[in-house]
Amino acid sequence: MNKTTPMILVAMLMLSLLASIDITELEETIEVDDSSARAGADAEVIAITSPKETTCTNAGCRNTLNAGEDTGFEAYIQNSGDADITELAYTVNVWLSDGNGNPTMLAKDAAGNDLSYSNANVMCGQGCDFSSITNPLTAGSVLGGGKYTLQYQGNPIVWTPIVGDYIIEVVADTPSDADAGNDAQTIEVSVVNWYDIQVDLSWDSGKAAESGSGVKAWTMTVIANGSDTFNPRDVLVRLKGSGDITALQSDSGTDLYADAFYDVAVGSSTTVEVFTNVSTDPPTITNGTRNVLSYMTEWTFGGSLTFDANNADASYGLSAELMSYTQYSQWDSCIETDPTNNETYNNVCEEEFTQDSYPNTNEDEILGSASTYHDIRVARMTVAQGYNADGTGNPTSMMSDDAPADLNVGVSYFHVEVEHRGSDASVNYEWNVTLMVTDATGTENTVVANSCQTGIEPSYMYKPLGTAQTLDADGNPTGAGELTGYACMMVNLDAGEHMFDAVLTLEGKTDDARPSNNDRSMTVDVRNNNPLILSLDLMNEGELFTNQEVPLQMSAQVFDVDEPSGMGLEYSWSNAGTELPGCERSATAQTCTVPILDSYVTAFPVSFTVFDSNGGSTSEELMLTIWNNGGASATTASGIAVSYSIKYFAPSAFSLTAVDADLANFANKELPGYSGTYSAVGAVDYAPGTTFSASDVLTQSMDVTVAKDLGATSLWYVNDAGTWALLTSDTVDVDATTEMFEYDFAADRPVLPGGALVLMGGSLAQADVPDASITGFSAAAAKGGAIVLNWNVDGTMLASDSIDVTICKGEAGCTDAFTTGLGVGTSTFSYSGSNTDHGAFYNVVVEICNEVGCSTPKGVANVTADKAVDGGVSAMDMSVSENGEKWIVNWDATGETADVASWNVCYQRGTFDAANMPTTCASTVTTDVEIDKPTASGTYTYHFTAVPVDALGNTAAAPSLNSIDYQRDADTSNVDDGTNTTGDVVEGEIPALAWGAIAGVVIAAFVVGAFILSRGGDDEENKDWDY
């Protein structure tokens, strides 16, 4: 085959593709919304600080709430907008959790009320918690100045939780909120049951410490307490005497002092379940006898103590301590696995414990002496938190050593309560406490104190421990002492394990009879809440590109629960680990302004990090898009200058070439959309050095500068396929002798491909609609719902003209019209019935159009689609009989038969349904038909049906309506010789000679074909084809 043939075909294909691109699409524009966010007032819930969020690991859960113990709600609510908040409300919701951190429904209190508290009067003009007239919530301010206790109906919200998992939600609301997405915060909390065995010892005399002679009676009281029913078994409490005791016995006479200690079995003997084996059906229950301490029922054990009365300095004591107890439940230790089937059984059994939820109540001690018993002790230690950075303000949380929990970093007050425990309250004791806090590095912070005048209310000034009157230096009374005193110190906690120690000193010459209760210690974890990044914003409006006048500007909003004032926070902005110039880590770098460098082009991630003073930090990334603001220019030998400006997504430089083109190639040209012919006065072969896709181009424009005396009136672009597109016919004066054609490309367009930039002379004459028009138009419905259109053309169509077909379901002018364009010479079109609905009418229009418009007259018609037989017609009461070699089929028609033009009687061997009708049919215009019986031998049953057909050939479908049996014997006779064969070949077989003839014909065909194809060999490109 001639080599030029495939090249011509490819060229024609490319020309067709390029010609189908409408160059006017380059004129489309896209609007970009450059509006900024957070303009106006913006109430933001930054953090919920009380209750603390429960966190769980394999080691257990921290910050759980105890069932039945009241808790309040505290949060930070900030105005993160740029306008004052003058109206504010908030809502606290307690949701039940599905266990995966998702709220399900509002929890309810004991009365069945929803746990939802809405305070609509937080801030307003008057009558609210805060006055917007005197104290609006200004931009950047925090409600209440810091952690805020949430109120309802004028009082702090108090929740008494029951066991379960919850989602706590705090929602703030202000009119015209700039950002509703930050109005709420949620935390997860878990509420657990707690159990406590309280052991209490007391002298029957009621004294805190006994003194004087005689036998001393005492009583031990044990109570099982808890948030749920708690009946511990086999509670064992160890009694131990100390000092100058000569005898210790119970009320029943049991000697309790024979050994170093005596273990008391607490509770009443009861028969109870001790094991349940659930592997059997029903479960097997084992009972046993146990001492049971009933829930919230006091159990007492009394006795007496005798000491050595001959010793004037005798002292003594009695202590009681919980040693162990058992509980009955489905513990992990009860689980058994059957080795034969690996099935696990959660049995119920007893398990022994040595500690409950509140260990500090598990022991007690009473003391005495022969004379006055002198004793003071540390009763309680507490750490208060929630202060401002300088220690001012009121605490929002307190943790005591009887229920230790995690602490937060920041300013705290270590508070100690001391008390008089001597036998004579009228004896005053002078005292002081050494308070010491040791951090994780071993650094100690020590203060000696005997007062607490700031930090914790009520303020306390030093007084002796006791009830006697105190005297000043002149002997004048100054008031009585008090049995309880307080001391505190302020300390700034950092992260890590901390030890809190308090050592009480009894001043003066009096000796403390029991110095062991003068010191107390606890160790807790102090956790740092990392600072929060509330927002990370790009302050620039619009796109970013190199060499822009406004530098890159970024800003961050942060918050630290432990440093709400922001003092001590530092900020840093970086890219790929390198800090941006001028935005290095500092306390003032909350905003960053930096020029856009060439190295920032394309994707530019900026990492913002905020550091707190306790070693915590939080980072967040801002992904920026930086465009390369570049371009190139070139001037031809004739002085035509081409300049291309482009903002593009690549770091490489943009370049182009421009050289003068041969004007003869652009002489006497017809221009699309204009009448007449035109010739170029200037032309440039243009080519970009690098091309970019539409997604990699932000904006682009082109300028072509020429001499005025050239006489150019319009600038055209001609692609390599020869397609012309007008860029612009407007010019701008550069100076007295030169002018410039400017063209801005539409958005979403690639770099202009290489081609010719042609400068045309002469005034452009607007083209008109086509001269040719439609005549002899007809439109009709066809089978299957199709619509067939036919027409003639009056006049001569140009190559740029097209025959446009528009079809609307219903009236003309629909928004979803079917349209297609047909070429010159087309005079018919069929609209497929797959696009129509039976019985619907369609408006059809056929007209001849070009870029300017469409000519008249045009073909217009309304056609009703017909793809089915109307009237609900069907055959019934069909009968099939035979008459010789004929079948006689009769039936009755039911329904409206006006649309029926004929009937098809269809039949086959075997039954069928409407969806699988046979294709063998006989046509008739009546309701009966004669059909020739087949001649095949055999015995069969033939099934028949009849369906109506309309004038277009649409037909209905129906299943088999009747059947008839058919039987014909084989004809084995031969009229020639009475045998079953003719010649030597069995009937139905192909003779062997025929197979040879067939093979010869096939081989000859291959030879002839090969000879023909060889006539167009690669070395004979100029030869004609000759078949």
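Data for the structure
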{"read-out": "Selected residue (only one of Gly884, Gly859, Gly853 is of a type in the set (Gly, Ala, Ser), free of Cβ contacts under 8 Å to residues at least 60 places away in the same chain and not assigned by TED's automatic domain parsing to the domain that holds Ser800)", "value": "Gly884"}
{"read-out": "Which listed residue, of Ser304, Ser333, Ser357, Ser319, is in a loop (DSSP other than H, G, I, E, B) and assigned by TED's automatic domain parsing to the domain that holds Leu236", "value": "Ser357"}
{"read-out": "Within the range 723-780, considering residues that are under 23 Å from Ser679 (Cα atoms) and polar (S, T, N, Q), the one modelled with the lowest pLDDT", "value": "Gln766"}
{"read-out": "Residues located in the range 462-520, provided they are more than 19 Å from Arg421 (Cβ to Cβ), β-branched (Val, Ile, Thr) and touching a residue at least 40 places away in the same chain (Cβ under 8 Å)", "value": "Thr470, Val491"}
{"read-out": "Considering residues of the range 674-697 that are free of Cβ contacts under 8 Å to residues at least 60 places away in the same chain and assigned to a strand (DSSP E or B) only, the residue farthest from the chain's Cα centre (by Cα)", "value": "Thr677"}
{"read-out": "Residue among Thr618, Thr705 that is among the β-branched types (Val, Ile, Thr) and under 30 Å from Val411 (Cβ atoms)", "value": "Thr618"}
{"read-out": "Residue selected from the range 151-186 under the condition assigned to a loop (DSSP other than H, G, I, E, B) and closer than 25 Å to Gly140 by Cα, by the criterion modelled with the lowest pLDDT", "value": "Ser176"}
{"read-out": "Test set (1) surrounded by 13 or more Cβ atoms within 10 Å (Cβ to Cβ); (2) touching a His at 6+ places or on another chain (Cβ under 7 Å); (3) assigned by TED's automatic domain parsing to the domain that holds Val947 - Gly910 fails condition number", "value": "(1)"}
{"read-out": "Candidate set from the range 703-717 (those that are assigned to a strand (DSSP E or B) and touching a Leu at 6+ places or on another chain (Cβ under 8 Å)); member that is nearest to Ser633 (Cα to Cα)", "value": "Val704"}
{"read-out": "Qualifying positions in the range 523-543 - within 20 Å of Met381 (Cβ to Cβ) and either modelled with pLDDT of 95 or more or β-branched (Val, Ile, Thr) (or both)", "value": "Thr523, Val524, Val526"}
{"read-out": "Subset of the range 232-253 (residues that are touching a residue at least 24 places away in the same chain (Cβ under 8 Å), more than 26 Å from Ala513 (Cβ to Cβ) and not in a strand (DSSP E or B))", "value": "Pro232, Asp251"}
{"read-out": "Matching residues, the range 218-262, being within 60 Å of the chain's Cα centre (by Cα) and closer than 15 Å to Gly303 by Cα", "value": "Met220, Thr221, Val222, Val237, Arg238"}
{"read-out": "Identity of the residue in the range 560-588, in contact with an Asp or Glu (Cβ under 9 Å, 6 or more places away or on another chain), buried (at least 20 other Cβ atoms within 10 Å of the Cβ) and under 27 Å from Tyr387 (Cβ atoms), that ends up modelled with the lowest pLDDT", "value": "Glu563"}
{"read-out": "Any hit, the range 669-681, residues being among the small types (Gly, Ala, Ser), surrounded by 14 or more Cβ atoms within 10 Å (Cβ to Cβ) and more than 27 Å from Ser800 (Cβ to Cβ)", "value": "no"}
{"read-out": "Answer residue from the range 641-664, given it is free of Cβ contacts under 8 Å to residues at least 40 places away in the same chain and farther than 21 Å from Tyr600 by Cα and is surrounded by the most Cβ atoms within 10 Å (Cβ to Cβ) among those", "value": "Leu656"}
{"read-out": "Set Asp390, Asp439, Asp406: member being of a type in the set (Asp, Glu) and under 18 Å from Lys52 (Cβ atoms)", "value": "Asp406"}
{"read-out": "Matching residues in the range 372-394 - criterion: being assigned to a loop (DSSP other than H, G, I, E, B) and either buried (at least 19 other Cβ atoms within 10 Å of the Cβ) or among the hydrophobic types (A, V, I, L, M, F, W, C) (or both)", "value": "Tyr373, His374, Asp375, Gly386, Tyr387, Ala389"}
{"read-out": "Complete set of residues in the range 187-206 that are assigned to a loop (DSSP other than H, G, I, E, B) and either surrounded by 19 or more Cβ atoms within 10 Å (Cβ to Cβ) or β-branched (Val, Ile, Thr) (or both)", "value": "Trp194"}
{"read-out": "Unique match (being touching a strand residue (DSSP E or B) at 6+ places or on another chain (Cβ under 6 Å) and of a type in the set (Asp, Glu)) among Asp472, Asp511", "value": "Asp472"}
{"read-out": "Test for Asp720: is it part of a loop (DSSP other than H, G, I, E, B) and either free of Cβ contacts under 8 Å to residues at least 12 places away in the same chain or over 56 Å from the mean Cα position of the chain (by Cα) (or both)", "value": "no"}
{"read-out": "Enumeration of residues in the range 54-78 that are within 28 Å of the chain's Cα centre (by Cα) and either farther than 22 Å from Gly144 by Cα or not assigned by TED's automatic domain parsing to the domain that holds Gly127 (or both)", "value": "Thr54, Thr55, Cys56, Thr57, Asn58, Cys61, Arg62, Asn63, Thr64"}
{"read-out": "The listed residue being out of contact with any Cys (no Cβ under 9 Å at 6 or more places or on another chain), modelled with pLDDT under 90 and surrounded by 12 or more Cβ atoms within 10 Å (Cβ to Cβ), out of Val975, Val985", "value": "Val985"}
{"read-out": "Qualifying residue in the range 590-611 (condition: within 30 Å of Leu764 (Cβ to Cβ) and outside any loop (DSSP other than H, G, I, E, B))", "value": "no"}
{"read-out": "From Thr578, Thr593, Thr636, residue being free of Cβ contacts under 8 Å to residues at least 12 places away in the same chain, out of contact with any helix residue (DSSP H, G or I) (no Cβ under 8 Å at 6 or more places or on another chain) and hydroxyl-bearing (Ser, Thr, Tyr)", "value": "Thr578"}
{"read-out": "For His838: the one exception among (1) touching a residue at least 60 places away in the same chain (Cβ under 8 Å); (2) under 52 Å from the mean Cα position of the chain (by Cα); (3) within 20 Å of Thr955 (Cα to Cα); (4) surrounded by fewer than 21 Cβ atoms within 10 Å (Cβ to Cβ)", "value": "(1)"}
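Yes or no, residue by residue, for (1) of a type outside the set (D, E, K, R); (2) more than 17 Å from Leu150 (Cβ to Cβ); (3) touching a residue at least 40 places away in the same chain (Cβ under 8 Å); (4) exposed (fewer than 13 other Cβ atoms within 10 Å of the Cβ):
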site: Ser80; (1), (2), (3), (4): yes, yes, yes, no
site: Asn102; (1), (2), (3), (4): yes, yes, yes, yes
site: Gly112; (1), (2), (3), (4): yes, yes, no, yes
site: Leu115; (1), (2), (3), (4): yes, no, yes, no
site: Asn121; (1), (2), (3), (4): yes, no, no, no
site: Ile133; (1), (2), (3), (4): yes, yes, no, yes
site: Pro136; (1), (2), (3), (4): yes, yes, yes, no
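The values are calculated or read from the model by the stated rules, or taken from the named source; none is laboratory data. Just so you know, these numbers come straight off a predicted model, no measurement behind them. Note: ideal-geometry Cβ built from the backbone for every residue, glycine included; neighbour counts use all protein chains shown.
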